[in-house]
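*Asks:* Below is one structure. I have some questions about it.
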Amino acid sequence: RPTFMIVVPRLFEILRDKLIKAVEKQGSAAQFLLRRAIRLGERQIAGKSSPKNLPVSLLLDLTLRPKVRARFGGRIKALVSGGAPLNLKINQFFNGAGLNILEGYGLTETSPILTANTFHHFRYGSVGKAIPDTELKIAEDGEILARGPQVMLGYYKNEAATSEVLDADGWFATGDIGHLDEDGFLFITDRKKDLIVTAGGKNIAPQPIEN
């Protein structure tokens, strides 16, 4: 009966599929509620919430959502995703079902957290804001750079590899491409090594297409 679950996106995909199959066995009424929940999640994530959604949300609070929470032990407060990109449709599903997924970001070399969404600072599609005492900036080529007390001192007995990712000022090159919005939320778009450069010099990130 956990209060928090911190897992990789693949597990959320498996859990979603299991929940859908469980609802399908309960008949047309349950399936109707699930469709409304998913639609509501889509609208909320798209920023299209309105008073018209309130009756549907209240109905789901009395019917579908308690059953979903019960599948997670009944005490769950938040689901936390990291380690790989989270498909937006997964977040839409769990949001409509009454369970928000908070995305975070970090690397082994950063012990391992750099950013996280929280209950009070949350933006869909982002991996949240930098945690306390952590600085982020975007290099000219779009690479995410980080500095903070959690950043490693270097790779063990490998100065050459260390110098490739850590500069003299302590900025760590993550190898990920992304951008910061006006409120400081970080959005990751791809891995630097995966960028495709066309003959016209345009950089194409394959990750959105893969997702």
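*Asks:* Out of GLY125, GLY184, report the one residue that is under 28 Å from ASN95 (Cβ atoms), touching a Phe, Trp or Tyr at 6+ places or on another chain (Cβ under 8 Å) and not in a strand (DSSP E or B). I'd like the intermediate steps shown before the answer.
*Replies:* Values: GLY184 fails: touching a Phe, Trp or Tyr at 6+ places or on another chain (Cβ under 8 Å).
Answer to the check: GLY125.
*Asks:* Please find, among ARG36, ARG16, the residue that is open to solvent by 70 Å² or more (accessible area, probe 1.4 Å) and either modelled with pLDDT of 90 or more or within 20 Å of the chain's Cα centre (by Cα) (or both). Walk me through it before giving the result.
*Replies:* Values: ARG16 fails: open to solvent by 70 Å² or more (accessible area, probe 1.4 Å).
After applying the criteria, what remains is ARG36.
*Asks:* Next question, about the same structure. One residue is enough: does the range 156-167 have a residue meeting the conditions of a type in the set (S, T, N, Q), in contact with a Gly (Cβ under 8 Å, 6 or more places away or on another chain) and part of a strand (DSSP E or B)? Talk me through it step by step, then tell me what you get.
*Replies:* In the first step, residues of the range 156-167 are kept if they are of a type in the set (S, T, N, Q); the result is 158, 162-163.
Still in the running and in contact with a Gly (Cβ under 8 Å, 6 or more places away or on another chain): 162.
Still in the list and also part of a strand (DSSP E or B): none.
Scanning the range 156-167, I find no residue that is of a type in the set (S, T, N, Q), in contact with a Gly (Cβ under 8 Å, 6 or more places away or on another chain) and part of a strand (DSSP E or B), so the answer is no.
*Asks:* Residue check, ASP190 against (1) in a loop (DSSP other than H, G, I, E, B); (2) modelled with pLDDT under 95, all met but one. Which one?
*Replies:* Going through the list (1) in a loop (DSSP other than H, G, I, E, B); (2) modelled with pLDDT under 95, ASP190 breaks only (1).
The values are calculated or read from the model by the stated rules, or taken from the named source; none is laboratory data. Treat the numbers as computed from the prediction; the structure is a model and nothing was measured. Every residue, glycine among them, receives a Cβ derived from its backbone with ideal geometry; neighbour counts consider all protein chains shown. To get the accessible areas, we keep the full protein, side chains included, count just its heavy atoms, and leave off ligands, DNA and RNA. Shrake-Rupley method; radii C 1.70, N 1.55, O 1.52, S 1.80 Å.
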